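Asks: A single structure is presented below for examination.
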Amino acid sequence: MIVTTADLYKVAYGKFAVGAYNINNAEQTMGLFRGCIQSHAPFIIQISKGARKYTDKRMLEAIIRSAGEIFPEAIYAVHLDHGDEETCYECIDSGFYSSVMIDASHETFDENVAITRRVVDRAHARGISVEAELGMLGGVEEDIAVDEGHACLTNPEEAVEFVKRTGCDALAAAIGTSHGAYKFKGQQSLHFNVIEEIQRKIPGTPIVMHGSSSVPQEEVRRINAAAGKLDPSARGVNEEEYLPAAKLGVTKVNIDTDGRLVWTRVHREYFRDHPGEFDFRPPGKIFMDEYAKFIAHKNGKLGSAGQLSAIRDWLSERATETVAATAMAAMT
Ligand code: 13P
């Protein structure tokens, strides 16, 4: 069942984080749904501009709709990741998305506010929530590349003004992470002081953590053992920091790179071990199983595993309240 991202935030805020996973094709979608059902977790499907173009946006939407029919017990939201203004409007008008992200973080503060405000007005008129970014993450995300020199952490003072002026529903904050496989050299931590300060200043506003992959060293090692050439010093976010961050209001955690590493490891190892093979379905099946395992593992670390019934209870309580309120209104 597709729900609003705002509903997921209401249940999760301050308790656990909802995994937001980038999806591009049928195998990933199957693995995602299976992993979330296995771990009894609500989730957010993220569709990037690149994913919309990879086959055709209608193809991806059809795959997701079909997965919803195959797994009727799944509870999830559908979200546009890193949209520009035009793509946000397209997704808002499509009626398929629960929420959109407008990323105007590369603009000046005032321009970012103006663009975000326009998107918020249009989205809210259709009951869709908006995530907006303030501060700038480093790393490479599809066609967006920000070198470390230009990356900057979110200023909590500015965050207050930004949320007030834009009316955005969730704040993508730069708290020390970056996109892609090459986040950190050596051990580095999230900037908990910045997260704490943002939560203190705008309590109740869900914080979104982009660039949250952990880049497991074991995946990098296995990929390289199968003729890959990834930098073995690549490091990501420590998974043990997801839950402490969630308690401070980090409610949506974006993960893409780690899933790509699973894909690369499975396919490299498979074709290394079966050099005469040219049927893509055997590795595809292994990938779906491995991706499901990976998703269930992440949901465990995010604290969203086991929360499906909490979401279901909350949705049915709200439905009961709405029925009662409608009946009362009819009597008066
Ligand atoms: P990773 O590259 O760390 O997976 O981050 C993905 C992301 O933030 C998508 O918006």
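Asks: Looking at (1) within 16 Å of the ligand (Cβ to nearest atom); (2) within 27 Å of Gly167 (Cβ to Cβ), which is the only condition Glu107 fails?
Replies: Result: Glu107 passes all but (1).
Asks: Ok, one more. Testing Ser214 on (1) within 16 Å of the chain's Cα centre (by Cα); (2) in a helix (DSSP H, G or I); (3) surrounded by fewer than 24 Cβ atoms within 10 Å (Cβ to Cβ); (4) within 16 Å of the ligand (Cβ to nearest atom), one condition comes back false. Which one is that?
Replies: In the conditions (1) within 16 Å of the chain's Cα centre (by Cα); (2) in a helix (DSSP H, G or I); (3) surrounded by fewer than 24 Cβ atoms within 10 Å (Cβ to Cβ); (4) within 16 Å of the ligand (Cβ to nearest atom), Ser214 misses (2) alone.
Asks: Run down Gly236, Gly249, Gly276 and say which single residue is modelled with pLDDT under 95 and either farther than 22 Å from Ser129 by Cβ or buried (at least 22 other Cβ atoms within 10 Å of the Cβ) (or both).
Replies: Exactly one of Gly236, Gly249, Gly276 is modelled with pLDDT under 95 and either farther than 22 Å from Ser129 by Cβ or buried (at least 22 other Cβ atoms within 10 Å of the Cβ) (or both), namely Gly236.
Asks: Determine if the range 91-105 includes at least one residue that is over 18 Å from Arg122 (Cβ atoms) and in contact (Cβ under 8 Å) with a residue 24 or more places away in the chain. Don't jump to the end; show me each part of the working.
Replies: To start, the set of residues in the range 91-105 that are over 18 Å from Arg122 (Cβ atoms) comprises 105.
Adding the requirement that they be in contact (Cβ under 8 Å) with a residue 24 or more places away in the chain leaves 105.
Yes, some residue in the range 91-105 is over 18 Å from Arg122 (Cβ atoms) and in contact (Cβ under 8 Å) with a residue 24 or more places away in the chain.
Asks: Conditions: (1) open to solvent by less than 40 Å² (accessible area, probe 1.4 Å); (2) more than 30 Å from Lys201 (Cα to Cα); (3) part of a helix (DSSP H, G or I). Arg312 meets all but one. Number of the miss?
Replies: Just one mismatch for Arg312, condition (1).
Asks: Would you mind telling me which numbered condition in (1) within 20 Å of the chain's Cα centre (by Cα); (2) part of a loop (DSSP other than H, G, I, E, B) Asn299 fails?
Replies: All conditions are met except number (2).
Asks: Now for a separate question. Filter the range 14-33 down to residues that are open to solvent by less than 30 Å² (accessible area, probe 1.4 Å) and more than 16 Å from the ligand (Cβ to nearest atom), then give me how many there are.
Replies: Number of matching residues: 4.
Asks: For Arg268, which of the numbered conditions (1) farther than 22 Å from Ala74 by Cβ; (2) open to solvent by less than 40 Å² (accessible area, probe 1.4 Å); (3) charged (D, E, K, R) fails to hold?
Replies: All conditions are met except number (2).
Asks: For the range 34-46: of the residues being surrounded by fewer than 24 Cβ atoms within 10 Å (Cβ to Cβ) and touching a helix residue (DSSP H, G or I) at 6+ places or on another chain (Cβ under 6 Å), which is farthest from Ser129 (Cα to Cα)?
Replies: The qualifying residue farthest from Ser129 (Cα to Cα) is Gln38.
Asks: Hey, another quick one. If Ala226 meets every condition in (1) crowded, with 20+ Cβ neighbours inside 10 Å; (2) hydrophobic (A, V, I, L, M, F, W, C); (3) closer than 30 Å to Pro282 by Cα apart from one, which number is that one?
Replies: Going through (1) crowded, with 20+ Cβ neighbours inside 10 Å; (2) hydrophobic (A, V, I, L, M, F, W, C); (3) closer than 30 Å to Pro282 by Cα one by one, Ala226 breaks only (1).
Asks: Among the charged types (D, E, K, R) and crowded, with 20+ Cβ neighbours inside 10 Å: does that describe Arg52?
Replies: So Arg52 passes the test.
Asks: Specify the residue that is nearest to the chain's Cα centre (by Cα); the eligible residues are those in the range 105-141 that are buried (at least 16 other Cβ atoms within 10 Å of the Cβ), modelled with pLDDT of 95 or more and among the acidic types (Asp, Glu).
Replies: Of everything passing the filter in the range 105-141, Glu131 is nearest to the chain's Cα centre (by Cα).
Asks: Among the residues of the range 58-67, which ones are closer than 26 Å to Val208 by Cα and either modelled with pLDDT under 95 or open to solvent by 80 Å² or more (accessible area, probe 1.4 Å) (or both)?
Replies: Scanning the range 58-67 gives a single hit, Arg65.
Asks: Right, another one. So, of the residues in the range 149-183 that are under 22 Å from the mean Cα position of the chain (by Cα), modelled with pLDDT under 90 and part of a loop (DSSP other than H, G, I, E, B), which turns out to be nearest to the ligand (Cβ to nearest atom)?
Replies: Among residues in the range 149-183 that are under 22 Å from the mean Cα position of the chain (by Cα), modelled with pLDDT under 90 and part of a loop (DSSP other than H, G, I, E, B), the one nearest to the ligand (Cβ to nearest atom) is Gly180.
Asks: Can Arg260 be described as more than 16 Å from the ligand (Cβ to nearest atom), open to solvent by 20 Å² or more (accessible area, probe 1.4 Å) and modelled with pLDDT of 95 or more?
Replies: Numbers: more than 16 Å from the ligand (Cβ to nearest atom): no; open to solvent by 20 Å² or more (accessible area, probe 1.4 Å): yes; modelled with pLDDT of 95 or more: yes.
The answer is no for Arg260.
Asks: Moving on to the next point. Filter the range 263-279 for residues that are part of a helix (DSSP H, G or I) and either of a type in the set (Val, Ile, Thr) or more than 16 Å from the ligand (Cβ to nearest atom) (or both) and give the result.
Replies: Within the range 263-279, Thr264, Val266, His267, Arg268, Glu269, Tyr270, Phe271, Arg272, Asp273 meet the criteria.
Asks: Still on this structure, I have one more. Output the residues belonging to the range 55-93 that are in contact with a Ser or Thr (Cβ under 6 Å, 6 or more places away or on another chain) and acidic (Asp, Glu).
Replies: Asp81
The values are calculated or read from the model by the stated rules, or taken from the named source; none is laboratory data. Remember, predicted model here, so these are calculated numbers, not experimental data. In this analysis, Cβ positions are derived from the backbone assuming ideal geometry, glycine residues included, and neighbour counts consider all displayed protein chains. Keep in mind that these areas ignore ligands, DNA and RNA; they rest on the heavy atoms of the full protein, side chains included. Shrake-Rupley method; radii C 1.70, N 1.55, O 1.52, S 1.80 Å.
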